[in-house]
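I have placed the structure first, in the form of structure tokens, so that the comments after it can refer back to it.
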Amino acid sequence: MEKKMDIKFFELKTKSDAPMDLLLLADPSEELVKSYLEKGTCYTAELDRETVGVILIMETKPHTIEVMNLAVKEEFQNNGIGKQLLLYVIEEIKKGDTKTIEIGTGNPGVVQMLLYQKCGFRIVGIDFDFFRRTHLEPIYENGIECRDMIRMRIDL
Ligand SMILES: CC(C)(COP(=O)(O)OP(=O)(O)OC[C@H]1O[C@@H](n2cnc3c(N)ncnc32)[C@H](O)[C@@H]1OP(=O)(O)O)[C@@H](O)C(=O)NCCC(=O)NCCS
């Protein structure tokens, strides 16, 4: 059951304030997370002044923004925070001249795929062996190797 919570969203002005522990929940590569953080924009979700969620977006090509990272603190998951944060950021992106919003998830990410579809994303392709190419160590989720990237998109 979704609890009624007073979640507030903020754009992070100082990149060194980014909640690395949370960002690493969604992507184990600190190096990749830092490179996205450098080029991208980070928003946080706060509950009673505690940072409970984070989302990191980055322009990957003209008029295209990709959601590079989305994470909610484990003890706050399944309360609708991830969905609210993603929907908030989609609205923020719509204020600009972006034509496409992209997001990707690993093949084991069935919950993520549900969430992204609920926010309007559609599956547009599969980047086979993406995670083997980009991460030195194999990643396991839900007991299977996270190997292929399911690419999803919203055309605005
Ligand atoms: C993925 C993640 C960000 C989702 O955040 P969250 O706050 O837990 O998600 P929400 O509570 O907003 O759930 C969103 C939707 O997913 C669906 N969902 C969540 N868990 C589900 C489950 N076990 N079975 C079916 N649907 C589920 C719900 O239907 C919900 O939609 P609804 O609100 O319309 O019912 C969070 O689980 C997380 O941080 N995971 C670890 C990091 C990660 O994997 N990030 C994504 C990188 S690709």
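Things worth noting here:
- Selected residue (criterion: farthest from His63 (Cα to Cα)) from residues of segment 114-136 that are near the ligand (Cβ under 9 Å from one of its atoms) and not charged (D, E, K, R): Leu114
- Scan of segment 106-135 for residues that are part of a loop (DSSP other than H, G, I, E, B), hydrophobic (A, V, I, L, M, F, W, C) and either touching a helix residue (DSSP H, G or I) at 6+ places or on another chain (Cβ under 9 Å) or free of Cβ contacts under 8 Å to residues at least 12 places away in the same chain (or both), ordered by number: Cys119, Phe121
- Residues located in segment 140-154, provided they are among the hydrophobic types (A, V, I, L, M, F, W, C) and under 12 Å from Gly109 (Cα atoms): Ile144, Cys146, Met149, Ile150
- Restricting segment 26-48 to residues that are surrounded by fewer than 17 Cβ atoms within 10 Å (Cβ to Cβ) and touching a strand residue (DSSP E or B) at 6+ places or on another chain (Cβ under 9 Å), the residue that is nearest to Glu145 (Cα to Cα) is Leu32.
Quick grid of which residues meet (1) more than 9 Å from the ligand (Cβ to nearest atom); (2) not polar (S, T, N, Q):
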| position | (1), (2) |
| --- | --- |
| Leu56 | yes, yes |
| Glu59 | yes, yes |
| His63 | yes, yes |
| Lys73 | no, yes |
| Asn78 | no, no |
| Ile90 | yes, yes |
| Gly96 | yes, yes |
| Thr100 | yes, no |
| Ile103 | no, yes |
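- Some residue of segment 62-69 being touching a Lys or Arg at 6+ places or on another chain (Cβ under 8 Å) and either in a loop (DSSP other than H, G, I, E, B) or over 26 Å from Pro138 (Cβ atoms) (or both): yes
- Any hit, segment 93-104, residues being outside any loop (DSSP other than H, G, I, E, B), among the polar types (S, T, N, Q), within 23 Å of Lys8 (Cα to Cα) and modelled with pLDDT of 95 or more: no
- Test result for Met68, near the ligand (Cβ under 10 Å from one of its atoms) and either at pLDDT below 95 or of a type in the set (A, V, I, L, M) (or both): yes
- Flag not set for Val52, criterion: part of a helix (DSSP H, G or I), under 21 Å from Asp27 (Cα atoms), touching a strand residue (DSSP E or B) at 6+ places or on another chain (Cβ under 9 Å) and touching a residue at least 40 places away in the same chain (Cβ under 8 Å).
The values are calculated or read from the model by the stated rules, or taken from the named source; none is laboratory data. Please read these numbers as outputs of a predicted model, since none were measured by experiment. Here Cβ is always computed from backbone atoms with ideal geometry, including for glycine, and neighbour counts include all displayed protein chains.
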